[in-house]
Amino acid sequence: MATPAAFQPLNAQSIQRTLSTKTFGRTLHVLDEVASTNTHAAALALDGAPHGTVVVAETQTAGRGRLGRHWHSPSGKNLHCSILLRAMPAREQQPLWLSWIPLTAALAIGRAVQVVANLKVSVKWPNDLLIGDRKLGGVLCESSGVGTAHATVIVGIGLNVNIRRDEFPEELREIATSLAIESQRPCDRTALLAALLVELETRCESLLAGHHGDILKEYMLRCSTIGRRVRIELAHGEQMDGTAKSIEVDGSLRIIRDDRTTVDIRAGDVIHLR
Ligand code: BTN
């Protein structure tokens, strides 16, 4: 009997047959094992790889998360991919554009999951994908040469797809989830990747055309941080408690602190308090 699509290893031909993008994934590297798809994509970028190049790997031996964390990447279960962006706005618009890319990627993932797995995913600011309070996936964007003619951004996406609860390391078991856990059926990673790439491509084009307002509206609808009591963990171990009020035009998170002062957070780790 043939292996169901959900359990098939990733394969470049099947992915490309499923793609409906113009550019994203048309140059595609499917690897069994790599240290990190982001690092691999950055090396390809140095060698001149084109805009929209995608690297996807069955497993990563040194997968990286935000804030220097490790990303658990067991073989054959989940999605670990990186997309190379070269198309950028004019130099003066690059900082604003760059601040929206991670949030935009989170929206694309949220929509792709809804389309393919029929599950409702929210975004914890800036780009954690949640189902309920559990983490489904995340985004790690790494840029180089911004402000020059050779700027690149690598959008790295990690999504827990078919991993079972008992396959998570002990410390993640209660705080992470996967599509298979939530829907109680396996999910076809090829279909998910193809959906993700088309959703991301469309939003990247919109952002490039300067339609930040549309992305902001969509983000407000999907963001579960707004209206919540939050703790922000800033660099140097500093913490701040307050209520998340809104997302600002540059993608930052506006917090009203308990002393009624307002702070806009551009980078940090958010904890949703009860
Ligand atoms: C996070 O901490 O939430 C972001 C996780 C991003 C993980 C992905 S997996 C594919 C890509 N390659 C990496 O090394 N990291 C990102």
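General observations
- Scope the range 231-255; condition under 20 Å from residue 216 (Cα atoms) and open to solvent by less than 30 Å² (accessible area, probe 1.4 Å); matching residues: 244, 246, 247, 251, 252, 253, 255
- Only one entry of 245, 217 meets the criterion of being out of contact with any helix residue (DSSP H, G or I) (no Cβ under 9 Å at 6 or more places or on another chain) and part of a helix (DSSP H, G or I), and that entry is 217.
- Any chance residue 225 is open to solvent by less than 20 Å² (accessible area, probe 1.4 Å) and hydroxyl-bearing (Ser, Thr, Tyr): yes
- Condition broken by residue 38, with the remaining ones in (1) over 25 Å from residue 215 (Cβ atoms); (2) part of a helix (DSSP H, G or I) satisfied: (1)
- Taking strands (runs of 3 or more DSSP E) as the structural unit, those lying wholly within the range 102-200 and holding at least 3 residues that are touching a residue at least 60 places away in the same chain (Cβ under 8 Å) and within 16 Å of the ligand (Cβ to nearest atom) correspond to 122-124, 134-144, 152-159.
- Remark: pairs (first residue in the range 238-250, at negative phi; second residue of a type in the set (Ser, Thr, Tyr) and open to solvent by less than 20 Å² (accessible area, probe 1.4 Å); Cβ separation under 7 Å; 6+ apart in sequence or on different chains) = 244/225; 247/219.
- Among the residues here, residue 225 does not qualify as farther than 20 Å from residue 131 by Cα and of a type outside the set (Asp, Glu).
- The set of residues in the range 64-73 being closer than 18 Å to residue 269 by Cβ, touching a residue at least 12 places away in the same chain (Cβ under 8 Å) and within 9 Å of the ligand (Cβ to nearest atom) consists of 64, 65, 66, 67, 71.
- The set of residues in the range 256-266 that are part of a strand (DSSP E or B) and either of a type in the set (D, E, K, R) or open to solvent by less than 70 Å² (accessible area, probe 1.4 Å) (or both) comprises 256, 257, 263, 264, 265.
The values are calculated or read from the model by the stated rules, or taken from the named source; none is laboratory data. If you're wondering where the values come from, they're calculated on a predicted model, not measured in any experiment. Counting neighbours? That spans all protein chains shown, and the Cβs are built from the backbone with ideal geometry, glycine included. The area values use the complete protein model at the heavy-atom level, side chains included, leaving out ligands, DNA and RNA. Shrake-Rupley method; radii C 1.70, N 1.55, O 1.52, S 1.80 Å.
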